[in-house]
Amino acid sequence: VTAYATVADHGRAKDPQEVCSVRDRQGAPLLVATDAGGRQAIAPEAAAMVDDILRDGSARQSGFWHDILTLPEGGNGAKTGTSNLCLQTSVTGQCLSYAAGNVWTVGYTDRIVAGVIVGNADNSPMSVTADGLTVAAPIWHEFMERVSAIPPLSDSCL
(Lines give C-alpha, C1' and ligand atoms only; values in the text may rest on other atoms or scores of the structure.)
Protein backbone atom coordinates (compact mmCIF):
# COMPACT_ATOMS: atom_id res chain seq x y z
CA VAL A 1 0.00 0.00 0.00
CA THR A 2 2.86 2.35 0.81
CA ALA A 3 4.36 1.80 -2.66
CA TYR A 4 1.06 2.74 -4.31
CA ALA A 5 0.80 5.79 -2.05
CA THR A 6 4.27 6.79 -3.24
CA VAL A 7 3.20 6.54 -6.88
CA ALA A 8 0.01 8.50 -6.18
CA ASP A 9 2.02 11.25 -4.44
CA HIS A 10 4.37 11.95 -7.38
CA GLY A 11 7.09 9.62 -6.07
CA ARG A 12 7.16 10.98 -2.50
CA ALA A 13 7.30 8.25 0.16
CA LYS A 14 5.70 8.90 3.54
CA ASP A 15 5.30 6.76 6.63
CA PRO A 16 1.82 5.22 6.96
CA GLN A 17 -0.57 7.26 9.07
CA GLU A 18 -2.51 5.07 11.50
CA VAL A 19 -4.56 7.82 13.15
CA CYS A 20 -5.65 10.70 11.02
CA SER A 21 -7.95 12.47 13.43
CA VAL A 22 -9.76 12.23 16.74
CA ARG A 23 -13.14 13.94 17.23
CA ASP A 24 -15.30 14.55 20.29
CA ARG A 25 -18.93 13.41 20.56
CA GLN A 26 -20.16 16.49 18.75
CA GLY A 27 -17.77 15.87 15.86
CA ALA A 28 -15.36 18.69 16.69
CA PRO A 29 -11.72 17.82 15.96
CA LEU A 30 -9.55 17.18 19.02
CA LEU A 31 -6.48 16.07 17.04
CA VAL A 32 -5.72 16.30 13.34
CA ALA A 33 -2.55 14.78 11.91
CA THR A 34 -0.25 16.98 9.87
CA ASP A 35 1.55 16.14 6.65
CA ALA A 36 5.10 14.94 7.42
CA GLY A 37 6.35 15.78 3.92
CA GLY A 38 8.11 12.52 3.12
CA ARG A 39 11.10 11.97 0.85
CA GLN A 40 11.48 11.65 -2.91
CA ALA A 41 11.74 7.86 -3.38
CA ILE A 42 11.31 7.64 -7.16
CA ALA A 43 11.52 10.22 -9.91
CA PRO A 44 8.28 12.18 -10.33
CA GLU A 45 8.32 11.33 -14.06
CA ALA A 46 8.47 7.59 -13.34
CA ALA A 47 5.68 7.89 -10.75
CA ALA A 48 3.58 9.83 -13.27
CA MET A 49 3.94 7.07 -15.88
CA VAL A 50 2.87 4.32 -13.45
CA ASP A 51 0.07 6.53 -12.07
CA ASP A 52 -1.21 7.16 -15.60
CA ILE A 53 -1.35 3.41 -16.29
CA LEU A 54 -3.12 2.58 -13.01
CA ARG A 55 -5.67 5.40 -13.44
CA ASP A 56 -6.49 4.58 -17.07
CA GLY A 57 -10.06 3.37 -16.79
CA SER A 58 -10.29 2.96 -20.57
CA ALA A 59 -7.65 0.20 -20.37
CA ARG A 60 -9.92 -1.87 -18.11
CA GLN A 61 -12.20 -4.35 -19.81
CA SER A 62 -15.86 -3.33 -19.92
CA GLY A 63 -18.45 -4.80 -17.59
CA PHE A 64 -17.59 -6.15 -14.14
CA TRP A 65 -13.81 -5.69 -14.55
CA HIS A 66 -14.18 -1.99 -15.37
CA ASP A 67 -16.99 -1.29 -12.90
CA ILE A 68 -15.40 -2.93 -9.85
CA LEU A 69 -12.03 -1.15 -10.32
CA THR A 70 -13.47 2.25 -11.22
CA LEU A 71 -14.98 4.40 -8.48
CA PRO A 72 -18.07 6.53 -9.22
CA GLU A 73 -16.09 9.78 -9.18
CA GLY A 74 -13.48 8.21 -11.49
CA GLY A 75 -9.82 9.11 -11.70
CA ASN A 76 -8.69 6.39 -9.31
CA GLY A 77 -5.82 3.95 -9.74
CA ALA A 78 -6.22 0.23 -9.02
CA LYS A 79 -4.42 -3.10 -9.38
CA THR A 80 -5.39 -6.67 -8.51
CA GLY A 81 -3.25 -9.72 -7.93
CA THR A 82 -3.14 -13.35 -6.93
CA SER A 83 -0.33 -15.19 -5.17
CA ASN A 84 -0.04 -18.81 -6.16
CA LEU A 85 0.54 -21.81 -3.91
CA CYS A 86 2.28 -24.79 -5.41
CA LEU A 87 0.08 -27.85 -4.83
CA GLN A 88 2.27 -30.50 -6.45
CA THR A 89 5.96 -30.59 -7.37
CA SER A 90 7.90 -32.88 -9.62
CA VAL A 91 10.88 -34.89 -8.41
CA THR A 92 13.10 -32.08 -9.74
CA GLY A 93 11.25 -29.48 -7.68
CA GLN A 94 9.30 -27.93 -10.54
CA CYS A 95 5.75 -26.90 -9.65
CA LEU A 96 3.18 -28.96 -11.55
CA SER A 97 -0.06 -27.42 -10.25
CA TYR A 98 -1.06 -24.19 -8.56
CA ALA A 99 -3.95 -22.75 -6.57
CA ALA A 100 -4.70 -19.26 -5.31
CA GLY A 101 -3.04 -18.62 -1.97
CA ASN A 102 -3.94 -14.98 -1.38
CA VAL A 103 -5.74 -12.49 -3.57
CA TRP A 104 -5.49 -8.72 -3.31
CA THR A 105 -6.56 -5.35 -4.64
CA VAL A 106 -4.78 -2.06 -3.99
CA GLY A 107 -6.09 1.25 -5.22
CA TYR A 108 -6.16 4.95 -4.56
CA THR A 109 -7.77 8.30 -5.13
CA ASP A 110 -6.24 11.71 -4.52
CA ARG A 111 -7.30 11.36 -0.86
CA ILE A 112 -6.66 7.77 0.21
CA VAL A 113 -4.82 4.57 -0.62
CA ALA A 114 -6.24 1.23 0.56
CA GLY A 115 -5.39 -2.40 0.07
CA VAL A 116 -7.43 -5.55 0.64
CA ILE A 117 -5.87 -8.99 0.91
CA VAL A 118 -7.97 -12.14 1.25
CA GLY A 119 -6.75 -15.62 2.04
CA ASN A 120 -7.14 -18.49 4.47
CA ALA A 121 -5.56 -18.05 7.91
CA ASP A 122 -3.97 -21.51 7.70
CA ASN A 123 -2.49 -20.69 4.26
CA SER A 124 -4.56 -23.41 2.61
CA PRO A 125 -5.53 -22.86 -1.04
CA MET A 126 -8.58 -20.80 -1.87
CA SER A 127 -11.24 -21.81 -4.37
CA VAL A 128 -9.95 -22.47 -7.87
CA THR A 129 -12.04 -19.52 -9.08
CA ALA A 130 -10.64 -17.05 -6.50
CA ASP A 131 -8.72 -14.08 -7.84
CA GLY A 132 -8.09 -10.47 -6.85
CA LEU A 133 -10.79 -9.13 -9.13
CA THR A 134 -13.72 -11.26 -7.96
CA VAL A 135 -12.82 -11.68 -4.27
CA ALA A 136 -10.78 -8.70 -3.03
CA ALA A 137 -11.87 -5.96 -5.46
CA PRO A 138 -15.55 -5.85 -4.38
CA ILE A 139 -14.43 -5.36 -0.75
CA TRP A 140 -11.98 -2.64 -1.81
CA HIS A 141 -14.61 -0.92 -3.98
CA GLU A 142 -17.21 -0.76 -1.20
CA PHE A 143 -14.65 0.48 1.35
CA MET A 144 -13.42 3.21 -1.01
CA GLU A 145 -16.97 4.36 -1.78
CA ARG A 146 -17.77 4.66 1.94
CA VAL A 147 -14.53 6.45 2.79
CA SER A 148 -14.97 8.85 -0.13
CA ALA A 149 -18.26 9.98 1.42
CA ILE A 150 -16.48 11.19 4.59
CA PRO A 151 -15.65 14.91 4.38
CA PRO A 152 -11.96 15.74 4.95
CA LEU A 153 -10.81 17.51 8.12
CA SER A 154 -7.71 18.86 6.40
CA ASP A 155 -5.73 18.42 3.18
CA SER A 156 -3.72 15.53 4.63
CA CYS A 157 -6.46 13.78 6.54
CA LEU A 158 -9.76 12.09 5.80
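The values are calculated or read from the model by the stated rules, or taken from the named source; none is laboratory data. In this text the structure is predicted, and so the values were computed from the model without any measurement. Glycine gets a Cβ as well: all are built from the backbone with ideal geometry, and neighbour counts include every protein chain shown. These area figures cover heavy atoms from the full protein model, side chains too; ligands, DNA and RNA do not enter into them. Shrake-Rupley method; radii C 1.70, N 1.55, O 1.52, S 1.80 Å.
For this structure, a couple of remarks:
- Dividing the summed helix terms, -39500 (n - 2.57) for each DSSP H run of n ≥ 4, by the number of residues in the chain produces a 222 nm estimate of -6500 deg cm²/dmol to the nearest 500.
- Taking the longest Cα principal axis of the chain as reference, the axis of helix 137-148 is set at about 0 degrees.
- Probing with 1.4 Å while keeping every protein chain in the model, the per residue accessible area of the chain equals 62 Å².
- Given [x] 1.67; [y] 1.28; [z] 1.23, the label whose value is Cα Rg over 2.2 N^0.38 Å derived from this model: [z]
- Dipole check for segment 39-81: with +1 at the C-beta of Lys and Arg, -1 at the C-beta of Asp and Glu, and the Cα centre as origin, the magnitude is about 160 Debye.
- Largest to smallest principal axis extent of the C-alpha atoms in segment 22-84, angstrom: 44, 32, 30
- Each of Tyr108, Tyr4 has its accessible area taken with a 1.4 Å probe; listed largest first, they run Tyr4, Tyr108.
- Surface share of carbon and sulfur [accessible, 1.4 angstrom probe, percent] for the chain: 56
- Averaging the sequence gap over all C-alpha pairs within less than 8 Å and six or more residues apart, then dividing by the number of residues, gives the chain a relative contact order of 21 percent.
- Taking the chain as a Gaussian network of alpha-carbon nodes connected by springs under 10 Å, the highest mean-square fluctuation of the residues Ser62, Ser90, Ser21 belongs to Ser90.
- Order by protection proxy (mean Cβ within 10 Å, highest first), peptides 45-56, 120-131, 96-107, 137-148: 96-107, 137-148, 45-56, 120-131
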